[in-house]
Each structure stands twice: as structure tokens, then as C-alpha cells.
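**Student:** Next up is a structure, given as C-alpha cells.
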Amino acid sequence: MSAYSLEELRHSASHVMAEAVQRLFPEAKFAIGPAIENGFYYDFDLPRPLTPEDLEEISRLMQESIKARHPFEREEVSRQEAEQIFGDQPYKLELIRDLPPEEPISIYRHGAFTDLCRGPHVANTGDLRWDAFALLNTAGAYWRGDEKRPMLQRIYGTIFPSKQELKAYLDQLEEIQRRDHRRLGRELDLFSLHEEAGPGLVYWHPKGGRIRTIIEDFWRMRHYEGGYEILYTPHIGRSWLWETSGHLDFYSEGMYAPMEIDEQKYYIKPMNCPFHIMIYNTDVRSYRELPLRWAELGTVYRYERSGVLHGLLRVRGFTQDDAHIICTPEQIEDEILEVLRFSLRLWRDMGFENVVAYLATRPEKAVGEPERWEQALVSLRKALETERVSYKIDEGGGAFYGPKIDLKIKDALGREWQMTTIQFDFNEPERFDMKYTGADGQEHRPYMVHRALLGSLERFFGVLIEHYGGAFPVWFAPVQVQLIPIADRHIAFADEVLARLKAAGLRVEVDDSGDRMNAKIRKAQLQKIPYMLVIGDREAETGSVSVRLRTNENLGAMSVDDFVARATGIVARRENYNL
RNA sequence: GCCCAAGUAGCUCAGUAGGUAGAGCACAUUCUUGGUAAGAAUGAGGUCAUGGGUUCGAAUCCCAUCUUGGGCUCCA
């Protein structure tokens, strides 16, 4: 076992990889090669694009270097020496120029390769295991992440202390692929996207629609319980609305181009807030009415750059589970706390237990009085601390119009997804001149908070699919029960069972195809249907059903009533799994 | 938007000295009525992403466009 940290292993492996690339391309220019969360990468400027064969060759050369047991040697050099050593390496020269003058410049050598590097590294390339690393893929990456600077070629790889750990990681990557929502969306017939009909626009199929309905119904129920009212607003609005909100000034790149009707420009909405504000401003508001909590499943369209679209996770048309909370300064702490609680509870109900919060504070350019920012921040921080949510501070990461909490949700594979956002808005209340009359008879500016909990239904659906690997909890499952008559003569009894299960509120289908029972089971199994009820002579005679679970467990025969009691109980308790 | 790769039947994919396309699954019809993850036969199904070009001839070579994938940048 290695005594080195993963970081040391990975950073060292990136040097070994760079050495291999240098052997393959003597004219290569080197940029940077750090260790990252799950591995390492190195960026190169190369004379031609890399091919998969190149990666194999680079792997082979790396193995050679590891087996050759080159020691890593650290040396401190003067700035002048460094500039000489890296005289033909423009990216390294740029890095050297940007190093703070007081910091010593260190270089690391192993074999014939020398790199500008702070270290630390393993003592010897032989401390890396030749069978525990893998080069994963190549990609383009801008020098210093700046899209105006040259595009370099990046190679991603990873290394672990042992072969077993590498294998576990590669297995996990495979599992991620198996759970990919784009793949499951097709296999389970949940949704589709159509390039010919417009990229980034989602089509929900009947089974996806079922799940969406369940989510929406549950969402509405919870919101009414939580003191929200539900709004419906238009999908388009005249340019006046977007000029007033400021979106045309600072967000027009993200909006679909306007259409012209009666010599007026109409824009498809990228956000719901101005519409909610229109409703607020239909009346003179009193502090007695506040807080107002107005929610909408609002479908918006945003122009996302073509390269960023990704399945359901990044789309151009989506439905936000949006809400705006409008309240007085005195109410703000309670309201924020309540939103956070409400959100955490919703996530638990959906089967997500782990959340991490990010608290984003005032950026340099911002609107709104500092006292309001301060009060907002205090209320956000207090809510997180009261609910004992671990959080990180994102200094200056707030929007120009207000501070926010973002919640990242951890899925079954430990991946974090940014879903929930709770944001103050000091911009639009000003622009739309929102007010209320206080107890003092004076006009006041209310606080307004935007919040989207699931984020967008599309994105949430994508994460939900991957979280459960398509095996949805019974209360979500589009088909909960598959009836499997063994032969045609059993269809009549199956139809009877169908009627009884439907009457009990279960989503159930009969497989009356000419397939054999084995094939019917296989189909249901692949569709990840929680319950399969086999119905043959024995069951028809005794009025029972034979219950099989998608976990491959066979519960044997039980009466239809017993099955209904069992299944409806699990649905009512919203249990995540089907046992 | 940028770099690289890819686009052949509904799906997964084969099809390189350029000679008008193939498999498995799915689908349809027929036979089979079978106790816990694939019964059998037959059949239908493709302007090889789109538009140009080279050629006697293009799925195959070249160019452009669109889309998808892996990343980068972006995500007030």
C-alpha cells in the first residue's frame, strides 16, 4: 500500500503522462497538469489532434517510465534560470511571469522530463502502479479557461494506489453509464428530444407524463399545505415588461428573439418573476396581506449555447417550480427558514437525504442598499444554522440583485446536483415599484425572494431517473403492477384483477400478448415494474395472485385483497423501495 | 460559441482498394397456450443527417450546414 496521498499520486502521474507525450511529440508545448477530484489531467499544445491510438501509446510509454523507476528530483531555481529552462515553452513562461516575485520557483525532474511545479510528488515514478492508472479521454480546453485564448488538448486520466481501487472506480463509471437518463429515458419510454424539431426541447411520453403528473400533484398539495397560492401566467410578454424588469438590458442574450404582433415585440419568457409582480401590482397592498407566497409551474425558454445542451439536464425549454415570496422586513427571517425547511422536506420525500448548501454573498457590482443585503444574508445564514445544514460560503458569488442559497443534492452514486435556489431580489421590486402600506400608514418596499426547489421539472426528472436507475419507488412508478396471465384462458381473471387493482388506485396493466410467461416476466423486469402478478390455473381457481418483485424475489400466492393492502400501504407511505 | 469525435432500419451496431446496403432486438402475420428473465417460422421496414462537389459510378473521397457525444467557456 502506498503512503502517498491520492493528490501526490495523481499529480505525479500527470507528470509521467506529460513525459510520455513529450516522447511522442517532441515539439509539444506544455500548459498545466493538476490533480483533480477523480484523477488528473494535463493540457498540451500539439501539432495534431490526439487519437485513441495515441492514448494507448501514451499509456504504454507511461508504464515504461514507471517501470524504469526514475526518481523525482526537486530543485529551486532563480527566475532567470527558470526562464532559460522553459525558453521554448510559452505557456510555462507565462506561468513563471505570473508567479509572485517572493515565491521560490521550483522545478521537478524525472527521467528526461522537467516541469515547472510546486509539488509535492512521489519519490520515484516506480511508486506509481503501472496497473492502477488509466487514461480516460481527451478534450479541448482553453488555456487558462479563457475562451479568447488558444484551445489546448487535454488528456484526462486517473490513478489509484491499487489495481482494485482503479477497477472499483471504472466499475462506478460503468454504473453511471448504465443509469444515464438519456439511455433509460429511451429504454423505459419516458421522454425524447428531437433534433429536427429543435434541440433542447423535451417531449414527455405517456410514462414520463405519468411521473410528471405525480410529481406535480404532490408538489401542489405540499404548496397549498405550506401556505402558497398557485398562479398561472402567460408564456409571452410585450417588450415593455422585459424593459421594465431589466432583462432586455442584461439578459437578452439568453432570450429567444422577439416576435412581432401589431407592431409590438413579444418575447417568450425566460423567467416568471415579472408576471408575478404584475399580479402583485394589480392592487394596493397592505402589510396585513403579507407574506404572499405565490408559486407557479412556469414554463420558460432560454437560449442556451449549443455546446452546453445535455439530455434533460441542460435544455432550452423547461418548467420551473418557481415561487416568489413577498414579505415585510420583519417577516423575512421566518420566511427564509420556512422555505428551507419546506425544501428539505420535499427532497426527503423524493428520496434524497443528503444536501449541501452554498451561501453566496454580495458581488462587487450590486444593486440594493447594503443594510438590506446584510439583513438578507443574516436571515439566510440563520436558516441554515437552525436547520443544521452544512454550508460553504461563496464569497461574492451572489447575483448582482441579491444574495442566495443554493442547495446541491447528493444522489445515490454520491454525485452532487445543483437544484434548489433561494434568491433575494433587490432589483425588480425597485424597477416595478412594488410597495405595500405599513402599519405606520407609509409606503414601504417589500422583500422579494425567488425560489425554485426542484429547479426545473426536466432537470429534476433527469436526476430522479439516474438516482433510482429507472427503478422508481412504487409511488412514482408509471406502471406499478404488471399482470401476467400464463395462457389466454387466464385473461378473463386477469381482467377481473385489473379492475379491482384500478379501483384501489393502482396503476396496472395486463400483458395479454401471445408471449410466453417467461418473456412477459422479462419484459416487465426490463421495464423495472415493481410488482409482477402471475396468473394461471392455480390463481384463477383460488382467486389469488402470485407476486414477484423486480428484485427477483418471489413472494408466492396471496389473495387479491392482501396484495392491494400491501401495495397501497407502500404507496401511501411513499416508501422508496418495493419490499 | 470553441476543440475533438460521430451521424447507416424504431433501438444497438456491421459495412475502407468507391460498384445502387446487412445483423440482432423491436414491429406485423401465422403456429405455439407455455409456471417466474427471451418458443418458432415468415414478412415488412433504409433518399446511408442535409446540401453541394469530385467521379462513368459515392454510405464510402472533399466542402459547407445541422445535430449528437466528450470536454472547455458560459449558466444575471
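**Student:** Starting from the Cα-Cα distance between A:R118 and A:D440, subtract it from 0.36 nm times their residue separation and give me the gain in nm to one decimal.
**Tutor:** Difference between extended and current length: 109.6 nm.
**Student:** From the residues A:C327, A:G351, A:P370, which one has its Cα farthest along the dipole of the stretch A:304-400 in the positive direction, the dipole being from +1 and -1 charges on Cβ of Lys/Arg and Asp/Glu about the Cα centre?
**Tutor:** Farthest towards the positive pole: A:G351.
**Student:** Taking the dipole about the Cα centre of the stretch A:405-542, with the C-beta of Lys and Arg at +1 and of Asp and Glu at -1, give me whichever of A:A504, A:G536, A:L454 is farthest to the positive side.
**Tutor:** Selected residue: A:G536.
**Student:** Calculate the spin-label point distance for A:S106 paired with A:E27, positioning each point 7 Å from the Cα along the beta-carbon direction, and give it in nanometres.
**Tutor:** 3.4 nm
**Student:** Can you list the residues, at least 5 places off or on another chain, whose amide H is less than 5 Å from the amide H of A:F191, using H built in the peptide plane?
**Tutor:** A:H205
**Student:** Here is a follow-up. Considering only protein heavy atoms, what per residue accessible area in square angstrom results for chain A with a 1.4 angstrom probe?
**Tutor:** 48 Å²
**Student:** Taking the Cα atoms of the stretch A:481-579, what is the range of coordinates along each of the three principal axes, in descending order and whole Å?
**Tutor:** 36, 26, 20
**Student:** A:S513: accessible area at probe 1.4 Å, nearest 10 Å²?
**Tutor:** 40 Å²
**Student:** Taking 56 Å as R0, compute the FRET efficiency from the Cβ-Cβ separation of A:E260 and A:E37 and round it to 0.05.
**Tutor:** Details: r = 48 Å, r/R0 = 0.86.
Plugging the Cβ-Cβ distance into 1/(1 + (r/R0)^6) gives 0.70.
**Student:** If you don't mind, there's one more thing I want to ask. Rounded to the nearest percent, how much of the accessible area of the stretch A:1-156 (1.4 Å probe, protein heavy atoms only) is carbon and sulfur? Display every interim value, and only then the final one.
**Tutor:** Working: 3860 of 7870 Å².
Heavy-atom surface of the stretch A:1-156 belonging to carbon and sulfur, 1.4 Å probe: 49 percent.
**Student:** Can you give the FRET efficiency for A:A503 and A:E81, using 1/(1 + (r/R0)^6), R0 = 56 Å, r = Cβ-Cβ distance, to the nearest 0.05?
**Tutor:** Efficiency, rounded to the nearest 0.05: 0.10.
**Student:** Moving to a separate point now. If I stretch the segment between A:E330 and A:N518 completely, what's the gain in nm (0.36 nm per residue apart, minus their alpha carbon distance), one decimal?
**Tutor:** On the way: separation 188, 0.36 × 188 = 67.68 nm, distance 6.48 nm.
Taking 0.36 nm per residue and subtracting the Cα distance, the gain is 61.2 nm.
**Student:** I'd like to know which of A:A524, A:F400, A:S286 lies farthest towards the positive end of the charge dipole of chain A, counting +1 on Cβ of Lys and Arg and -1 on Cβ of Asp and Glu.
**Tutor:** Value computed over the given set: A:A524.
**Student:** One quarter of the convex hull surface, Cα atoms only: what value does that give for chain A in nm²?
**Tutor:** 34.9 nm²
**Student:** Counting only C-alpha contacts under 8 Å and six or more residues apart, can you give the relative contact order of chain A as a whole percent?
**Tutor:** 10 percent
**Student:** Now for a different question. When the Karplus curve 6.51 cos²θ - 1.76 cosθ + 1.60 is applied with θ = phi - 60°, which whole-Hz ³J(HN,Hα) does each residue of the stretch A:164-172 get, with x for Gly and Pro?
**Tutor:** My calculation for the stretch A:164-172 gives 4, 5, 4, 4, 4, 5, 5, 4, 5 Hz in order.
**Student:** For the stretch A:368-375, just list the computed ³J(HN,Hα) in residue order, Karplus coefficients 6.51, -1.76 and 1.60, θ = phi - 60°, integers in Hz, with x standing in for Gly and Pro.
**Tutor:** Coupling constants for the stretch A:368-375: x, 5, x, 5, 5, 4, 5, 5 Hz.
**Student:** For the full complex of protein chains and a 1.4 angstrom probe, list A:K148, A:K523, A:K404 by accessible area with the highest value first. If you can, show how the numbers build up before the last one.
**Tutor:** Details: A:K148 175, A:K523 90, A:K404 40 Å².
These residues rank, largest area first, as A:K148, A:K523, A:K404.
**Student:** Now for a different question. Quick one: what are the phi-derived ³J(HN,Hα) couplings along the stretch A:86-100, Karplus 6.51/-1.76/1.60 with θ = phi - 60°, whole Hz, x for glycine and proline?
**Tutor:** Working through the residues one at a time gives 9, x, 9, 10, x, 5, 5, 4, 5, 4, 4, 4, 8, 6, x Hz.
The values are calculated or read from the model by the stated rules, or taken from the named source; none is laboratory data. This is a predicted model, so every value here is computed, not measured. As a convention, Cβ positions derive from the backbone with ideal geometry for all residues, glycine included, and neighbour counts pool all protein chains shown. Ligands, DNA and RNA are stripped out before the accessible areas are found, and what is left, the full protein with its side chains, is counted by its heavy atoms. Shrake-Rupley method; radii C 1.70, N 1.55, O 1.52, S 1.80 Å.
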